[in-house]
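This report refers to the structure that appears directly beneath it.
The values are calculated or read from the model by the stated rules, or taken from the named source; none is laboratory data. Bear in mind the structure is a predicted one, so any value in this text is a computation, not a measurement. When we count neighbours, we look across all protein chains shown, and the Cβ atoms used for this are built from the backbone with ideal geometry, even at glycine. In case anyone asks, the SASA skips ligands and DNA or RNA and just uses the protein heavy atoms, side chains included. Shrake-Rupley method; radii C 1.70, N 1.55, O 1.52, S 1.80 Å.
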Amino acid sequence: MKKKLLALGLALVMVLGLAACSSSDPKESGTPAPTDSGTPDVTATVPPVADLTGTDTSTIVGLEDGVLTVGMECTYPPYNWMQLDDSNGAVPISNVPGSYANGYDVIMAKRICEAYGWELEIVSSAWESLTPAVQSGAMDANIAGQSMTAERMLEVDMAGPYYYATIVCVTTKNSPYASATSIADLAGGKCTAQSGTIWYDSCLPQITDAEVLAPADTAPAMLMQLQTGTVDFVCTDMPTAMGAAAKDDNLVILNFSGTDGDFQFANEEERAENVNIGIAVQKDNTALKDAIDTVLSDMTEEHFNILMDQAIAIQPEV
């Protein structure tokens, strides 16, 4: 483990999520057919990882030792989660001994490291600690489902996008909001979203007379409030919603995108920065940003979606 990780005291927080994140067999969710190992075979539809191992990356800040240290919550399926074994290609979490990380973010981190021959180190971190960790150099990068907002990009640089995430709401089948066709139909509902996200800060306030509860610390905590009836609906992105619905057939995804009833932004540029998901690196670490972008440049939105489907197919129960 890198010396810079000694200052990270985040293990206890993540250990608490172990019981809820044990591995399980995937349920049918419209994803590619699993192989015998339980992992969908996407090799025929996603381009192979580029061989960039001849590139000199020894001068990139943070990569002098050949190790890419990546921060993520490990509690944010299908982007990332914690499990108890290395099934389905999971990677050890360096600051939570005996645990492993998996998910879309891990899949993408492995592709980047494979391209350059880097060693991958994954560190679990609370959402609000991710950006400060990159700023201080404790992490080389955050691959954690973070939107490429103008505010965030004042604090860090971001490679990508490495995913395009539509904003949606999620409710239950027996909810009076299950047939909503616009955010106007959600008026007066009790709702929440994850803390520190545009869904909580920018989207929920647009719903007329909404009773917005305190934000949830994690995506699973947000979904638990919906499943227990504490809230009528939650606001999140499509991958999180799809992952939850794949494991709980009582959930209904409300997608207003492309309609006049969708969440509104000042302009398309502002909308894009909120749905484009990027990889954070330290400000002015242009060499690392460019190296990551080189790997991502071989992939299209369709490729991203295929790999996200793979993550959803193997995610554990939450």
The helix 301-314 Cα axis meets the longest alpha-carbon principal axis of the chain at an angle in degrees, between 0 and 90 and rounded to 10, of 80 degrees
Checked against the positive end of the charge dipole of the chain (+1 on Cβ of Lys and Arg, -1 on Cβ of Asp and Glu, about the Cα centre), the farthest of Ser297, Ala180, Asn250 is Asn250
Could you sort 150-161, 67-78, 130-141 so that the peptide with the highest average Cβ count within 10 Å comes first and the rest follow in order? 67-78, 130-141, 150-161
Note down the magnitude of the dipole of segment 97-253 about its Cα centre, charges +1 on Lys and Arg C-beta and -1 on Asp and Glu C-beta and zero elsewhere, to the nearest 20 debye. 340 debye
Candidate cut points under trypsin sites (Lys or Arg not before Pro) in segment 220-304, DSSP loop plus at most 15 other Cβ atoms within 10 Å of their own Cβ, are Lys283
Theoretical FRET efficiency, 1/(1+(r/R0)^6), r = Cβ-Cβ of Thr259 and Asp86, R0 51 Å, to 0.05: 0.75
Give me the accessible area per residue for segment 174-318, probe 1.4 Å, as a whole number in Å². 41 Å²
Provide the percentage of antiparallel DSSP beta bridges, counting only those with both residues in the chain; round to the nearest 5. 65 percent
With a Förster distance of 22 angstrom and the Cβ-Cβ distance between Asp284 and Thr53, calculated FRET efficiency to the nearest 0.05 equals 0.30
Ignoring everything except DSSP H segments at least 4 long, calculate the 222 nm mean residue ellipticity for the chain; use -39,500 (n - 2.57) per segment, divide by total residues, nearest 500. -7500 deg cm²/dmol
Excluding Lys190 itself, calculate the net charge of residues whose Cβ lies under 12 Å from the Cβ of Lys190, where each Lys or Arg counts +1 and each Asp or Glu counts -1. -3
When the dipole is taken about the Cα centre of the chain, and only Lys, Arg (+1) and Asp, Glu (-1) are charged at their Cβ, what size is it in debye, to the nearest 20? 660 debye
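Could you look at the chain and say what percent of its accessible area is carbon and sulfur, using a 1.4 Å probe and all protein chains?
Exposed carbon and sulfur together represent 51 percent of the surface.
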Which of (i) 18.9; (ii) 16.6; (iii) 15.4 is the computed mean projected area of the Cα convex hull in nm² for the structure on display? (iii)
